[in-house]
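Chemist: Here it is, the structure in full.
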Amino acid sequence: MDTIASLFSFITTPVSWIIVQFHSLYGAIFGPDTGWAWGLSIVSLVVLIRICLIPLFVKQIKSTRNMQALQPKMKAIQERYKNDRQRQSEEMMKLYKETGTNPLSSCLPILAQSPFFFALYHVLSKIASGDEIGVLNENLVNSAREAHIFGAPIAAKFMDDPAKVEALYASLTDVRIVTAIMIVLMSASQFYTQRQLMQKNVDLTVKTPYMQQQKMLMYIFPVIFAVMGINFPVGVLVYWLTTNVWTMGQQMYVINQNPTPGSKAQDQYLQRLLKSVTSHSEVRSRRKRTVVQAIVAKGTDRNDNERRFITGLAKAGLVAQADGTVIKSDTAVAEAEGGAAQKRQQPKRQTKAKRQAATTQTGADKPAGGTGSASKPSLEKDKPAAGRARAGSTQGDAKPNTGGGKAAGSSRQPKPGQRKGPQRPKHPSSKK
């Protein structure tokens, strides 16, 4: 670790100078040899570095979202050219160039912090050994060695031996308790930040390998920092805990104010925005008007969260305009209610068993021997009155072999042009 830290010795002088400037400020308030003065100097160093890294953080957010959106296309390229690695790489680079995406942008804040992190580690290691470094002279080094944070020297480590800790005027128990608490808080804040990102700020409608990778990192990173933390001085743990808390707060702000489209955070944000717009009948800030303008511009490409937002405006009698403002409209309520009513009135699709049962019931409601009963009046039309009377009396009998009984109750019907039983006499007016 000392070898890696020595590679960043070119930045140890600026880091030590910044710490000394903050120490002179806090030393005038809390005392130059107190742990508060040196601890707050390290915290202020973190805050200053993270403020300078805000543009890189914004770029990291854009790059992460672009990578999420490109995952389906990247997967298609990999499947299409799975046997040609060179063509696959060329198509990937072409896709990055067309969309303006840089895969390394998501790592920029961490990479930019690394020199300051290793420089601070190198400074604290020199303080623990009592050596001058950068602008820290002998008096400042001795002052830092005597500074304790909750009983633990800022240059002490969890794995230090008792003799080394006693040389820093502290006990090994106090050092290990303080460092253990800081390691747990550091790992927990790292885990919560990543978990918050995965649960609220990821488009859940798109299942990609990138999401699985981020989910794995959510569990791997805290374990890595916990293992490495036992070899960090207390001052470095203060530095890393502060930067994790800053990242967590920064991530919460981004999720609440600029969520990823299609995510749970966007749904919550649009619900808050809908409540604000409907209560005031206007979009009250320029940033919110930009959000509404972007939703209107999407048209039919809106996701479910954005469609619910537009529908909520319509139910309140408001219509979003292309410039991000809203206007009142009486027809918007009618259209929203009409669409909902039409949706409710649509009949449910019946199962196949129910449709067959309905068809069987309809056939059972028809008169028995429907074909025979339809042909019977045509046969009796030309019969004399006496013949029809005899036929009627025959229908009243219970004999199954009579012609009337067959016509009324038998399921078997004569073929077209044929009659069973005795033939009726020809009508006198018939020519045949």
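Conditions tested, residue by residue: (1) over 30 Å from residue 215 (Cα atoms); (2) surrounded by 13 or more Cβ atoms within 10 Å (Cβ to Cβ); (3) not assigned by TED's automatic domain parsing to the domain that holds residue 247.
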{"site": "63", "(1), (2), (3)": "no, yes, no"}
{"site": "66", "(1), (2), (3)": "no, yes, no"}
{"site": "85", "(1), (2), (3)": "no, no, no"}
{"site": "89", "(1), (2), (3)": "no, no, no"}
{"site": "97", "(1), (2), (3)": "no, no, no"}
{"site": "134", "(1), (2), (3)": "yes, yes, no"}
{"site": "140", "(1), (2), (3)": "yes, yes, no"}
{"site": "143", "(1), (2), (3)": "yes, yes, no"}
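Chemist: Just one of (1) in contact with a strand residue (DSSP E or B) (Cβ under 8 Å, 6 or more places away or on another chain); (2) aliphatic (A, V, I, L, M); (3) assigned to a helix (DSSP H, G or I) trips up residue 283, so point out which.
Modeler: Only one criterion is unmet by residue 283, namely (3).
Chemist: For region 168-203, name all the residues that are more than 42 Å from the chain's Cα centre (by Cα), loosely packed, with under 15 Cβ neighbours inside 10 Å and assigned to a helix (DSSP H, G or I).
Modeler: Across region 168-203, the qualifying residue is only 173.
For every residue, the table says whether it meets (1) surrounded by fewer than 14 Cβ atoms within 10 Å (Cβ to Cβ); (2) outside any helix (DSSP H, G or I); (3) in contact with a Lys or Arg (Cβ under 9 Å, 6 or more places away or on another chain).
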{"position": "269", "(1), (2), (3)": "no, no, no"}
{"position": "272", "(1), (2), (3)": "yes, no, no"}
{"position": "291", "(1), (2), (3)": "no, no, no"}
{"position": "294", "(1), (2), (3)": "yes, no, no"}
{"position": "300", "(1), (2), (3)": "yes, no, no"}
{"position": "310", "(1), (2), (3)": "no, no, yes"}
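Chemist: What are the residue pairs meeting all of these: first residue in region 265-292, first residue farther than 19 Å from residue 328 by Cα, second residue loosely packed, with under 12 Cβ neighbours inside 10 Å and among the charged types (D, E, K, R), Cβ atoms under 9 Å, and 6 or more apart or on different chains?
Modeler: Filtered contacts from region 265-292: 267/304.
Chemist: Is region 314-325 home to any residue that is in contact (Cβ under 8 Å) with a residue 12 or more places away in the chain, assigned to a helix (DSSP H, G or I) and not acidic (Asp, Glu)?
Modeler: Yes, region 314-325 contains at least one residue that is in contact (Cβ under 8 Å) with a residue 12 or more places away in the chain, assigned to a helix (DSSP H, G or I) and not acidic (Asp, Glu).
Chemist: Looking at region 131-154 only, could you name the residues that are more than 16 Å from residue 12 (Cα to Cα) and either modelled with pLDDT under 85 or in a loop (DSSP other than H, G, I, E, B) (or both)?
Modeler: Within region 131-154, 145, 146, 147, 150, 151, 154 qualify.
Chemist: Another question about this same structure. Can we say residue 96 is at pLDDT below 85, assigned to a helix (DSSP H, G or I) and farther than 30 Å from residue 147 by Cα?
Modeler: Yes; evaluated as a whole, the condition is true for this residue.
Chemist: Give the residue that is nearest to the chain's Cα centre (by Cα), with candidates limited to residues of region 19-34 that are in contact (Cβ under 8 Å) with a residue 60 or more places away in the chain and outside any helix (DSSP H, G or I).
Modeler: It comes out as 34.
Chemist: Could you run through region 221-238 and say how many residues are more than 16 Å from residue 192 (Cβ to Cβ), assigned to a helix (DSSP H, G or I), touching a residue at least 40 places away in the same chain (Cβ under 8 Å) and of a type in the set (A, V, I, L, M)?
Modeler: 4
Chemist: Just one of 54, 18, 49, 42 is modelled with pLDDT of 80 or more, surrounded by 14 or more Cβ atoms within 10 Å (Cβ to Cβ) and closer than 16 Å to residue 250 by Cβ; which is it?
Modeler: Matching residue, one of 54, 18, 49, 42: 49.
The values are calculated or read from the model by the stated rules, or taken from the named source; none is laboratory data. Note that the structure is a prediction, hence the values are computed from the model and not measured. Every residue, glycine as well, gets a Cβ built from its backbone with ideal geometry; the counts of neighbours run over all protein chains shown.
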